[in-house]
Structure formats: C-alpha cells, structure tokens
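A quick write-up on the structure given underneath.
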Amino acid sequence: MNNKEKASSLEPEDIPSSGTGSKLETAKLPGAGPEDTTPAAPVATETPETVEAAEQLVAADGSPSSSIEPAPLLHEAVPPIAVRPVFVKKRHNLFEEQPLPVIEMAPPMMRYRTRREVLAFGIGAVAAGAGAGFLLPQATLNRLGVRRDMNSRGKEWLLNNALRVDDDVAEALYSHNRMVPTYTKSQITPIKNNYNGATPELWYISAWKLTLDGLSSGLSISLDIRTLMSRFSLHEQITRFVCVEGWSAIAWWAGLRFDDLLRAYPPKSQAKWARVESSVNLDASGNPDPYFASIDLATVRHPQTLLVTHLDGQPLTVEHGAPLRLLVPVKLGLKNVKAITRITYSAEEPRDYWTPYGYSSYDGI
C-alpha cells in the first residue's frame, strides 16, 4: 500500500559520599563555670537503698534468691551515655535505585483491600467482555444466548470512540525528545512493496516536482529532487517500519529532515497540520487514485521524521516511493506516503485517505 506501512529507522561509581553529620558533645559535669549553659547529663548517685538492691543474693541456678526481698529503688539510677558522632550517607544520584519500602498493614485491612481489588477487576472484565460481545456478529451472539442486536451504526460509533481514546493517549505520550529505537546494519530485514494499489511506472520520474502550499509567504513553490538533495543535509537512520496490517521491517533510510524543509519554507503562522499527497498513486486497476495523509506539525518536527531519498544506501526505487517519500517512525506505515508530489499546510486537520474506512487519524505507535 502506498502508505499502509509502518514507520521505521536508519543507521547512521559512585563517588564515596563525604557524608556529613554533626558530632554531639558530651554533657559537661556540674563543676563547669556559669558561662557553660549546656545542661549536665544525669549522673548516677549511689544510696544505701540502691546498694542493698544490688547486693541481693543469687541462687545457684542464676536466679535471684527469693529469701530476700529487694528493696525499692528510691532514686532512678541513670548510667552515663557515651555519645558517638553519627554520619548520614547522602544519595548522589536522583535516579539511583532505592530499596522497596516495607508496608505493614493490619490483616483485616489487607483482606478488605484484596476483596475490593478483586471486585474492581471483575467489574472491569465483565464490562470489557460485554463491550466486545456487542461487536460480534448477531449469529454468534444468538448461539451464545445473547438476543440484543447492535446495528452497524452503533458498532461503528463504539469502534470510532475506542480509536479516538487510543489516539488521545498516543498524542499525550508523544515527545519531541523521545526517539524510536535504532538498529545496526546486521539487523536489517527485507521490507515489502506495499503500495495501496498498483505500483506506478517510471513515467513520472523525469517530470517529478514537489509543490509546497500554505506557506507564510503566500506563494506556491515547486522543488525538484536535485534542489532538495543539494540544499539540505542527508541524515541516515535504521529504524523499524510498522505496518497497520501487522508486519514490520527494519530498514536503512537516508533523506532530509522534514523539519529542515519546514524551516527553509515556513508555513503560515496558524498552521498546525500538513497534508502529504501523492498524485501518481494508482488503484488496483492502474487508474489514478491520489493518496494523502494528514500529519500534525509536532510529528513533522520530530528529528526522526524524514523525507527519504535513499534506501539501503541506494536511491529509492519506484517500488519504495521514488524519488521522495515520507518516513515517520512514530506513526503507523499508512502515514508514510510514497512518491510525494504535494505538501499543504493548514490550520484545520485535513481529511485523511483512510479515515472514511474506519481508521484513526493520528495513528501513533
């Protein structure tokens, strides 16, 4: 498929803590001068009663003799305390792995929490099963004893909303600084020619141009492949290309960064989207069938989003979108338009080729 493929990528002691701690001073004896304001530590005093208590007889088996009743202690005897410096070890690394905390919980509370969590899991499982059940064919539901029928419109609504939630999560997790994994040349695998329809012939290559619309200048600009390759630096990356059909491949790509093109030919200030189009795409019968995909400008600016000119160190072939194709490793392959002929920037999200067929519009991975 022209762009029913998935995004991929190319090649190109602790220092001992000087833990600080304050050394506590020992209490001064009562002979200190008036300028010494530190309270003195309690000192053990010996009285006849304490001596008598300490001198009680001990039986042969080591237990105190019961023949002599110990005298009560009239004054508490407190032994002197030896005070030692205490050093606290500091963490030097905020991300250093720490031991798991020990949480003590009374058995009744533990039983309560366990019952509550099991109940919550059960409710969630039942809800998920019920929601999935409505999507089954009615004949299957009848065999299962379920008589309720959800019409196609209801199923479409449910699926579309589920896709919307998935898109929202993918968009929320997106980060300009989060890179997809890269690989080595030894890990490269074959990549399919997955055009959406027939693979075009070479007829368009000689007259090919890339047209840019929606620019801040108000102009429409056309660029040929020689201009693109001579003006912009090429970047290589080996990344995984993930197709919505369930297959993936690791491929070695090279091309200019989409962000570099965006900086050289900036879109109008209110633009948030790019419509990437291929006018040379054909349907299964070989008739013209323009292919297009919507890409948010945040994804366009990702450093691994390329306008590819080379695959495996060689210029792109027609099967893989010559002379210029889009590579978006953070998106599914259907966003990776082959043989791009036009890029249009807009403030509103443009229509996507696959959205009317029930596919999501964001398609992040």
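Each value in this text was obtained by applying a stated rule to the coordinates, not by laboratory testing. Source: prediction; values computed, not measured. Cβ sites come from the backbone with ideal geometry, for glycine too, and all protein chains shown count toward neighbours.
Things to note:
- Placing pseudo-labels 7 Å out from each Cα toward the beta carbon at Glu349 and Ala198 gives an inter-label distance of 3.4 nm.
- Links that overshoot a 28 Å alpha carbon limit, given the list Lys185/Lys338; Lys272/Lys335; Lys192/Lys268: Lys192/Lys268
- For a modelled paramagnetic label at Thr211, 7 Å from Cα along Cα-to-Cβ, the residues of region 312-329 in reach, with backbone nitrogen under 19 Å, are 323-326.
- For the peptides 312-319, 296-303, the ranking by mean Cβ contacts within 10 Å, running from highest to lowest, is 296-303, 312-319.
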